[in-house]
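Novice: Here it is, the structure in full.
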Amino acid sequence: MSEEEFYKWLGERLRDLRKLKKQTQEELCQNYHLARSSLANIERGRHVISAYNLYLLLQVLDAPLESLLKNHLQNSNLTDEISS
C-alpha cells in the first residue's frame, strides 16, 4: 500500500467511525477543535494526520485504535508477516 493509498484508507475508516457514532463533520469538529474543511480533507485522504492527532480524534470518537485497524489486519497479508 502506498502512502497515498494509506491516507485515503485511513480517512475512509475515520469517516465510517464518525458515521457509526452518528456525528456530522460539524459536530465532531466542535469537540475536536478542527475546521470542518480540514476534517473533510482528512476523510478524503488529502491531509496527513499525525499519530497524536489521530489519537485525539479517536478519543473524541470514543473508538480505540484497534477498531480502526482490526478489519484491515484481518484482510491483509500483514497479519501473516507479523506472526512470522
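The values are calculated or read from the model by the stated rules, or taken from the named source; none is laboratory data. All of these numbers come straight from a predicted model, not from anything done at the bench. When we count neighbours, we look across all protein chains shown, and the Cβ atoms used for this are built from the backbone with ideal geometry, even at glycine.
Novice: Is there a residue being modelled with pLDDT under 90 and in contact with a helix residue (DSSP H, G or I) (Cβ under 6 Å, 6 or more places away or on another chain) anywhere in the stretch 2-22?
Specialist: no
Novice: Give the stretch 54-77 a look and list any residue that's in a helix (DSSP H, G or I), farther than 16 Å from Gln25 by Cα and at pLDDT 85 or above, or say none. Break it down stepwise before answering.
Specialist: Just the residues of the stretch 54-77 that are in a helix (DSSP H, G or I), to begin with: 54-60, 65-74.
The next check asks that each one be farther than 16 Å from Gln25 by Cα; those that pass are 55, 65-74.
Within the stretch 54-77, Tyr55, Leu65 meet the criteria.
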